[in-house]
Amino acid sequence: MNLFILDYETTGLSPYFDDITEVAIKKLGEDHFYQTLVKPRINGVHYKYVSDANIKITGITNEMIDEFGIETNVSLYNTIKYIENNSLDGPIYIIAHNGTNFDFILLRRMIFNYQGDPLNNDIINRINFIDSLNLAKAYIKNERHNQPGLCKKYQIVNESAHRALGDVTALEKLYIKMCEQFSLYNHKNPEYYLNNPKCLTQHLFI
């Protein structure tokens, strides 16, 4: 099944005006993944990619980006290529927490602004989005729905919070658990929504 967990770390909190500093994507249920630091398009002055406050949150320093970061266009090409290389026929689903308001906007924006070797438009046109935040809101009432709170609720340990791969790995476990709980909430087999992402997107009006 073509289910992929995606997470971006960025220079700030706006998906419209800030840029990515790290991306990680992982096919659900597989050991392999794609992850890289990224040199933001903005603030391109040497060692001036991210603020001190941002560094405290993510641990990603300007020196790390300068030494290991790749260009935004290259990171997008590699992300789409990872999806292409690990997809079967049929719809592709990208899962992110609060993706509707953040990660999915960033992805669309990068595709719109992309310049480089041609992207596989067939893959892009097959992409559907699942926001795990909306999934949590659909059945969990009167509780916080952020990813750290949900991980705590379901006893999922994120060994590297606020780093893209750490958040992806934690969300993978969280998504499986939430699909199970939402299936039971709707009186279905525990694996129903995990195995039927199209039904999930229709239910959540995504």
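The values are calculated or read from the model by the stated rules, or taken from the named source; none is laboratory data. Source: prediction; values computed, not measured. Virtual Cβ from ideal backbone geometry, glycine too; neighbours counted across all protein chains shown. Surface areas here come from the heavy atoms of the whole protein model, side chains and all, with no ligands, DNA or RNA. Shrake-Rupley method; radii C 1.70, N 1.55, O 1.52, S 1.80 Å.
Just a few scattered comments:
- Residues satisfying the stated conditions in region 21-45, i.e. in a strand (DSSP E or B) and modelled with pLDDT under 95: LYS39
- Subset of region 47-82 (residues that are assigned to a helix (DSSP H, G or I), under 19 Å from the mean Cα position of the chain (by Cα) and closer than 18 Å to ASP167 by Cβ): ASN54, ILE57, THR58, SER75, THR79, TYR82
- All positions within region 127-139 that are of a type in the set (A, V, I, L, M, F, W, C), open to solvent by less than 10 Å² (accessible area, probe 1.4 Å) and farther than 15 Å from LYS198 by Cβ: ALA136
- Test result for LEU28, touching a strand residue (DSSP E or B) at 6+ places or on another chain (Cβ under 7 Å) and closer than 20 Å to SER87 by Cα: yes
- Checking SER160 against (1) over 25 Å from TYR16 (Cβ atoms); (2) in contact with a strand residue (DSSP E or B) (Cβ under 7 Å, 6 or more places away or on another chain), the condition it does not meet: (2)
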